[in-house]
Amino acid sequence: MSDALRPLIVGAGPAGIRAAQVLVDAGLRPVVVDEAASGGGQIYRQRLVPDERTPRDLYGSEAGKATALHEAFARIRERIDYFPQTLVWNVRGKTADVADGGRTRRLDFSHLILATGATDRVLPFRGWTTPGVFTLGGAQIALKSQGCAIGEQVVFLGSGPLLYLVAWQYVKAGAQVAAVLDTAPFSAKLHLLRGLLSQLGVVMRGFRYAAQLMARGVSVHFGVEPDRIEGETQVEGIVWHERGKEHRLACNAVGYGFALRSETQLADLAGCRFIFDGRDRAWRPERDMAGRTSVPGVYIAGDGAGIAGADAAELAGERAGLALLEDTGRSVDRARIAVLERKLAAVQRFRDVLEAAFPFPGKWASSATDDVLLCRCEEITIGQVRAAVRDQGVHELNRLKALTRVGMGRCQGRMCAGAAAEILAATHGQPLEDVGRLRAQPPIKPLPLEIMVDGEAA
Ligand SMILES: Cc1cc2nc3c(=O)[nH]c(=O)nc-3n(C[C@H](O)[C@H](O)[C@H](O)COP(=O)(O)OP(=O)(O)OC[C@H]3O[C@@H](n4cnc5c(N)ncnc54)[C@H](O)[C@@H]3O)c2cc1C
């Protein structure tokens, strides 16, 4: 057993914090890096500037869990090396390149726990780049961290539990929600009844959000097919089809998203093997129940390894921390591990229910029109992608990137690659997994050039 262990945890969300806690309890001193200003991750994000809102105002029914996680992090702060507002932009071997403020430097590690979470899954449609359109997560971040709404009359659109949650949070905060447009049919929600036995509290909370939205006069529409967002310099309205009829509603902001996608680039750069996850319609790093990847010493926990939610992220972080201890010859509590794995398995079963209740809009790829911008960084339309696919016989995503520049811009495919894969697969009528996935390239997010030069020279 080596005392020179230097575990690096990327991400101070529920998964990262719980992993750090396990390591600290075992006498280790992990390094924790997060690009956010404070711990908590996406769901338990903290305010940028203190205001009068209570944890209950910010996190609703999850206030207890948020406070517990923040307190757990505060308790271990002196026993970890914590670097907030620091981006890990590359991993090579046992070294991570990190950037904070005006410089980049290297952090050596003995073990790596990736707890990088997820972001919204975006599917483009006409008008989605109009000022005033946000992702659901972006709309929520504005509310949680800055206490402001994305507009005076907001429409929320998409599929996934976050759709109702964010709409409810806006209403509760006093914002005017013009409508909730759910792309799934109402009948899909009946699948939630299957989750009543295993996750009664979660299901009831979802029903309560929907009921309270309707009680406050928010019109909720199901089976919606988005057509376009109107407005030139600012959102003015949204048009959709529902049971064959066109509808229009005036609004000045739209929050939309279709569930989440895992942040997997660092796992890719670390050399982890990926597998296709049909439920998430995405490639994700392969890992066992404990979070071990195909690369010895590299672990993944939380939404970065497939979407499972915040409770699962805490459990998975704890489990990954224990796996690291086991792998370095430390004794661990087998009974604790058995409980964690049983709970994680139950969450995975419930995820099947959620996916059925909030399905991916299967018709999107065939119905999206050619004029829609697919890759906003490089300004490439769906029509240009379809033409390249047909005319140049492209069958694979990296080839599509090379020929069209889709995914080559600032977002490095984090926003557009999923949609591009859907279009590519639908154009040829081939299974989604057959088109592959974009290979990650460092830096995984944009960095100022002078930082790179200084860093290399240092
Ligand atoms: C925008 C958004 C809002 C959400 N809101 C809710 C909600 O209200 N309720 C709910 O139940 N679920 C919500 N979810 C889902 C929920 O947040 C997740 O299930 C849960 O937070 C997963 O925990 P995690 O620790 O895996 O990741 P996260 O909580 O996402 O934490 C990951 C952390 O890693 C950091 N990170 C990522 N990459 C890097 C990098 N390269 N370098 C440095 N740091 C990095 C991020 O800054 C982040 O703090 C939301 C998800 C998103 C994306």
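The values are calculated or read from the model by the stated rules, or taken from the named source; none is laboratory data. Keep in mind that what you see is a predicted model, and the values were worked out from it rather than measured. When we count neighbours, we look across all protein chains shown, and the Cβ atoms used for this are built from the backbone with ideal geometry, even at glycine.
Step by step: first the residues of the stretch 60-93, then only those that are in contact (Cβ under 8 Å) with a residue 60 or more places away in the chain and in contact with a strand residue (DSSP E or B) (Cβ under 6 Å, 6 or more places away or on another chain), then the one that is surrounded by the most Cβ atoms within 10 Å (Cβ to Cβ). Which residue is that? Quick ask: steps written out before the conclusion?
The first filter runs over the stretch 60-93 and keeps only residues in contact (Cβ under 8 Å) with a residue 60 or more places away in the chain, leaving 60-62, 65, 69, 73, 80, 82, 84, 87-92.
Next, from what is left, pick out any that are in contact with a strand residue (DSSP E or B) (Cβ under 6 Å, 6 or more places away or on another chain): 80, 82, 87-90.
On the way: Ile80: 21, Tyr82: 20, Leu87: 20, Val88: 27, Trp89: 23, Asn90: 22.
Residue satisfying both the conditions and the ranking: Val88.
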Discussion item. For the structure I just gave you, tell me whether Arg336 is among the basic types (Lys, Arg), loosely packed, with under 15 Cβ neighbours inside 10 Å and either over 21 Å from the mean Cα position of the chain (by Cα) or assigned by TED's automatic domain parsing to the domain that holds Leu200 (or both).
Written reply: yes
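Only one of Val235, Val177, Val218, Val166 is surrounded by 14 or more Cβ atoms within 10 Å (Cβ to Cβ), of a type in the set (Val, Ile, Thr) and either touching a His at 6+ places or on another chain (Cβ under 6 Å) or closer than 30 Å to Ala346 by Cα (or both). Can you tell me which? Walk me through it before giving the result.
Working: Val235 fails: either touching a His at 6+ places or on another chain (Cβ under 6 Å) or closer than 30 Å to Ala346 by Cα (or both); Val177 fails: either touching a His at 6+ places or on another chain (Cβ under 6 Å) or closer than 30 Å to Ala346 by Cα (or both); Val218 fails: either touching a His at 6+ places or on another chain (Cβ under 6 Å) or closer than 30 Å to Ala346 by Cα (or both).
Sole residue among the options that is surrounded by 14 or more Cβ atoms within 10 Å (Cβ to Cβ), of a type in the set (Val, Ile, Thr) and either touching a His at 6+ places or on another chain (Cβ under 6 Å) or closer than 30 Å to Ala346 by Cα (or both): Val166.
So, restricting to strands (runs of 3 or more DSSP E) that lie completely within the stretch 18-137, which ones have at least 3 residues that are modelled with pLDDT under 95 and of a type outside the set (Gly, Ala, Ser)?
Details: elements: 31-33, 81-83, 86-92, 95-100, 103-108, 111-114, 118-120, 133-135.
Qualifying strands (runs of 3 or more DSSP E): 103-108.
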Before we move on, is Val49 touching a residue at least 40 places away in the same chain (Cβ under 8 Å), loosely packed, with under 13 Cβ neighbours inside 10 Å and of a type in the set (A, V, I, L, M, F, W, C)? yes
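Quick one: in the stretch 161-196, which of the residues that are in a helix (DSSP H, G or I) and among the charged types (D, E, K, R) is nearest to Pro55 (Cα to Cα)? If you could, list the steps in order and put the result at the bottom.
Residues of the stretch 161-196 that are in a helix (DSSP H, G or I), as a first pass: 161-172, 186-195.
Next, only the ones that are among the charged types (D, E, K, R) stay: 172, 189, 194.
On the way: Lys172: 14, Lys189: 30, Arg194: 31 Å.
Applying the filter and picking the extreme gives Lys172.
Count, please, the residues in the stretch 124-149 that happen to be among the aliphatic types (A, V, I, L, M) and away from the ligand (no atom under 13 Å from the Cβ).
Here is the first cut: in the stretch 124-149, the ones among the aliphatic types (A, V, I, L, M) are 133, 136, 139, 141-143, 149.
This time we only want the ones that are away from the ligand (no atom under 13 Å from the Cβ), so: 133, 149.
Result for the stretch 124-149: 2.
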Selection from the stretch 94-110 of residues crowded, with 18+ Cβ neighbours inside 10 Å and of a type in the set (Gly, Ala, Ser) yields Ala96, Ala99
One residue is enough: does the stretch 290-306 have a residue meeting the conditions more than 16 Å from the ligand (Cβ to nearest atom), of a type outside the set (Asp, Glu) and under 28 Å from Ala149 (Cβ atoms)? no
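Just to check your reading of the model, which residue among Gly418, Gly407 is in a loop (DSSP other than H, G, I, E, B), crowded, with 20+ Cβ neighbours inside 10 Å and touching a strand residue (DSSP E or B) at 6+ places or on another chain (Cβ under 7 Å)? Give the derivation first.
Details: Gly418 fails: in a loop (DSSP other than H, G, I, E, B).
That would be Gly407, the only listed residue that is in a loop (DSSP other than H, G, I, E, B), crowded, with 20+ Cβ neighbours inside 10 Å and touching a strand residue (DSSP E or B) at 6+ places or on another chain (Cβ under 7 Å).
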- Query: Does at least one position in the stretch 165-177 carry a residue that is among the hydroxyl-bearing types (Ser, Thr, Tyr) and at pLDDT 95 or above?
  - Reply: yes
Given (1) more than 9 Å from the ligand (Cβ to nearest atom); (2) out of contact with any Pro (no Cβ under 9 Å at 6 or more places or on another chain), Thr86 misses just (1)
If we keep only residues of the stretch 8-56 that are among the acidic types (Asp, Glu) and more than 13 Å from the ligand (Cβ to nearest atom), then the residue farthest from Gly297 (Cα to Cα) is Glu52
Of the residues in the stretch 292-330, those that are over 28 Å from Ser61 (Cα atoms) and within 19 Å of the chain's Cα centre (by Cα) come to Tyr299
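Taking the condition of being within 8 Å of the ligand (Cβ to nearest atom) and more than 15 Å from Pro7 (Cβ to Cβ), how many residues in the stretch 315-326 meet it?
Within the stretch 315-326, the subset within 8 Å of the ligand (Cβ to nearest atom) is 316-317.
Narrowing further to those that are more than 15 Å from Pro7 (Cβ to Cβ): 316.
The number of residues fulfilling the criteria is 1.
What tally of residues in the stretch 1-17 results from selecting those that are farther than 11 Å from Gly117 by Cβ and assigned to a loop (DSSP other than H, G, I, E, B)? Working first, answer last.
First, the residues of the stretch 1-17 that are farther than 11 Å from Gly117 by Cβ: 1-9, 17.
Restricting the remaining residues to those that are assigned to a loop (DSSP other than H, G, I, E, B) gives 1-6.
Residues that pass the stated criteria total 6.
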Checklist entry - Given the structure, is Arg205 of a type outside the set (Asp, Glu) and out of contact with any strand residue (DSSP E or B) (no Cβ under 8 Å at 6 or more places or on another chain)? => result yes
Taking first residues from the stretch 319-347 that are at negative phi and among the charged types (D, E, K, R) and second residues anywhere that are loosely packed, with under 10 Cβ neighbours inside 10 Å and at pLDDT 95 or above, the pairs with Cβ under 8 Å that are 6 or more apart or on different chains are Asp327/Pro296
